[in-house]
Every structure is written in structure tokens, then in C-alpha cells.
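What follows is a set of notes on a single structure, which appears directly below.
The values are calculated or read from the model by the stated rules, or taken from the named source; none is laboratory data. Values in this document were obtained by computation on a predicted structure and should not be read as measured data. A quick note on method: Cβ atoms are made from the backbone with ideal geometry, for glycine too, and the neighbour counts reach across all protein chains shown.
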Amino acid sequence: MDDTLLARLREVRRALEQSLEALADPEVLADRVRYAEAARRHAELKPVADAFDAYLAAGRDAAEARELAAAEVDDAMAGELAAMARSREADASELEGRLRLMLAPRDPNDDRDVIMEIRAAVGGDEAGIWAGDLFRMYQRYAERHRWGVEPMVSSPGDSGGFKEVIFAVKGRGAYSRLKFEAGPHRVQRVPKTESQGRIHTSIATVAVLPEVEEVEVQIAEGDLEIDVFRSSGPGGQSVNTTDSAVRLTHRPTGLVVICQDEKSQLQNKVKALRVLRARLFQIEADRQHAEQAADRRSQVGTGERAEKIRTYNYRENRVTDHRIGLTIKRLPEILEGDLDEFVDALTQEDEARRLAQSG
């Protein structure tokens, strides 16, 4: 291991000790924002420090085994010690590679829960049905990883599916896996309503936002315009006899969130605020990275047919991810949430990019 990497790892260890001191400081304990930041910092640094300790232990074990092998007069025992040294050297080499990756530039949101938004784009009623299919796919994917799914906002489509559906996915590492799903998803299939068997192309867009705590994004009451109204179902049919639906308008940005799925006005307001905080957090992150995505177009695009991150072709039983050129001919399984082959490949590409950036 080179001196530069060693110096960075020693700095990680010092920073971990500082985070532990902060977590024990009564002033930090009394400050929710400072405590949350110290806890996040500790959780981020500890795996790196643990891997560094394991690397050092492997190096020590290898050196000791080499030394003992050189002094051993019994050839068989010397051979065993030499093999042990080689094994521990291999462990150290593997740990060094892992540490380089851990120190590469990392998305700070990877360990967060997520809020996902799916919207029907191009394709009329079929796009709404496709949005519903995607929602079910992500529900199944979450079940495979034992993550929780919490519906938040929905607007049913006229022929099934959704015009819009927003939901939270809760579980460690959810954002690190689901962030690659952001963008336009294109489906090519014969709709059930198509009498002549023609293939239609439709688009639904997916946005993936890291969920943030109230202390991280504070919204002033004066910046909010709050409207309440009676919830309604498809076709204007009343589903609630009280004014429980909530529309939040964030005056500084013009963002609007409507939530009417819950029977309680308070519950709808709480969910709407969670969605609004996630969107505001994403806007600020985009601004800091100088991206042209204040309205989240960096994720969802315009929804035009020519734009897509992935294509699902029913006739050919294939799914193609256009970002990495990967095609898998197991469409039914993928729609049942078997997404890990895509996510693993996208993660590997992302790791290679981060390693290259770290030099």
C-alpha cells in the first residue's frame, strides 16, 4: 500500500475518533442537527476503519508466518506456514482493493431510504397501465430485499394503472440500489385494448429521490401555501366526506404536492411534506453539482419515445439497459422484481468510474 493511501486511512481513523467524541458530547446530544450529522459521519467512517484494521492484521499475520517459515526446520511445517503467509497476503491485497473503492468518491445518499415517483408519459392509457406494472415490479424487488414499501400519493389511470404513483422504499442501502432506476422506461407490446395485434410503444418515467429528515431540510411555514379539499376517486367520485386532501405549494420554488390517499388531513399533510422535502433536497443537490435539473429532468427526461434508459420488449422476451448495453431475455422474471443482474452491472460500472476519478 502506498504512503498516500496509508495517510488517508490514518486520517479516517482520526475522524472516526472525533465522531465518537462528538456523540458523547452533551452539547451535541442536545442538538438534533449536530447529533444526526455526527451519527451519520460515524456510520460512514466505521466500515472503512474496520477494513483498515483487518488489512493491517492480515499484513502482520503474513509477515509473522513468513518469519516463522524461514526459521522452521521441519519442511512440512515450513510449507504450511508459507501457504498461510500467501493466504494472508491475498487477504491483504483484497482488502487494499476494497479500501481504495471505499475511499473513492461516493454518493453520500447511498444508505438512505428513497421516495420513488412513477408517471405515465407517452402512450395514453397504455402508459398508465405500464406505470402500474413498474410500480408492481419495484414492490416485488423491495420484497426480495426485505425492504418496506409505503404508498404515499397516487392518481389512478382511466383504464388501470396510474397517471402518477409516489411511494417510499425503506431499508438500508435502498437508494444505492434503486438510484439506477431513474429515467424513462420504454415498453413495446400489444395492449389488451388493441384489436389488430399491433405493437405499441409507451413510456413511463421514474424519479428516485433520497428521503431526508425534517432536520436536514427545514421548510418555513410562511413559504407554504396549504389548501385542503375533499378527496375524490376516478371520475370525481367522492371517497371521503371531509376535506382531508391536502395540496402544498412551496412559494419560493413553485413546487406542488397533492396527497389525498389517507383519510386524515394530518396524515396527508405529513406525507406531502416528506415528498416536498425530498424534492427540495434533490434540487439543492443538483444546484451544488451544477446540473440543469431543478425540475428533475436529469432523472425523468421529457418522456419522449426516443429517450429511454431501458426497453422492455414483450414479443422478444427481452429487457435492454441502454446505458451499459446489457440485454436479458427473462422479461417475466424481471417484471417480478428480478432486477439484481441489471443493478449489479450498473453498480460495477459506477464503481469503476469512481475508482478512475479517484486516481
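Scan segment 161-180 for residues that are closer than 30 Å to Thr193 by Cβ and either outside the structural domain of Ala142 (by TED's automatic domain parsing) or modelled with pLDDT under 90 (or both) and jot them down.
We begin by selecting, within segment 161-180, every residue closer than 30 Å to Thr193 by Cβ; these are 161-167.
Result: Gly161, single match.
Among the listed residues Glu316, Glu291, identify the single one that is in contact with a helix residue (DSSP H, G or I) (Cβ under 9 Å, 6 or more places away or on another chain), exposed (fewer than 15 other Cβ atoms within 10 Å of the Cβ) and modelled with pLDDT under 85.
Being in contact with a helix residue (DSSP H, G or I) (Cβ under 9 Å, 6 or more places away or on another chain), exposed (fewer than 15 other Cβ atoms within 10 Å of the Cβ) and modelled with pLDDT under 85 holds for just one of Glu316, Glu291, which is Glu291.
Looking at (1) buried (at least 17 other Cβ atoms within 10 Å of the Cβ); (2) not in a helix (DSSP H, G or I), which is the only condition Arg106 fails?
It is condition (1) that Arg106 fails.
In segment 334-344, which residue that is over 15 Å from the mean Cα position of the chain (by Cα) and in contact (Cβ under 8 Å) with a residue 24 or more places away in the chain is surrounded by the most Cβ atoms within 10 Å (Cβ to Cβ)?
Step by step, filter segment 334-344, then rank; the result is Ile334.
If I go through segment 229-258 residue by residue, how many of them are at pLDDT 85 or above and either in contact with a Phe, Trp or Tyr (Cβ under 6 Å, 6 or more places away or on another chain) or of a type in the set (Val, Ile, Thr) (or both)? Don't jump to the end; show me each part of the working.
Taking segment 229-258 first, the residues at pLDDT 85 or above are 245-258.
Then drop every residue that is not either in contact with a Phe, Trp or Tyr (Cβ under 6 Å, 6 or more places away or on another chain) or of a type in the set (Val, Ile, Thr) (or both), which leaves 245-246, 249, 253, 256-258.
Of the residues in segment 229-258, 7 are at pLDDT 85 or above and either in contact with a Phe, Trp or Tyr (Cβ under 6 Å, 6 or more places away or on another chain) or of a type in the set (Val, Ile, Thr) (or both).
Based on this model, can you work out whether Leu95 counts as assigned to a helix (DSSP H, G or I), over 19 Å from the mean Cα position of the chain (by Cα) and buried (at least 20 other Cβ atoms within 10 Å of the Cβ)? Steps first, please.
Numbers: assigned to a helix (DSSP H, G or I): yes; over 19 Å from the mean Cα position of the chain (by Cα): yes; buried (at least 20 other Cβ atoms within 10 Å of the Cβ): yes.
Considered against the rule, which asks whether it is assigned to a helix (DSSP H, G or I), over 19 Å from the mean Cα position of the chain (by Cα) and buried (at least 20 other Cβ atoms within 10 Å of the Cβ), Leu95 comes out as yes.
Pairs under 7 Å by beta carbon, first residue under 11 Å from Ala168 (Cβ atoms) and in the same structural domain as Val208 (by TED's automatic domain parsing) in segment 134-155, partner modelled with pLDDT of 95 or more and not in a strand (DSSP E or B), six or more apart or different chains?
Close Cβ pairs satisfying both conditions: Val149/Gln139; Val149/Ala142.
So how many residues does segment 246-264 have that are crowded, with 20+ Cβ neighbours inside 10 Å and polar (S, T, N, Q)?
Residues meeting the conditions: 1.
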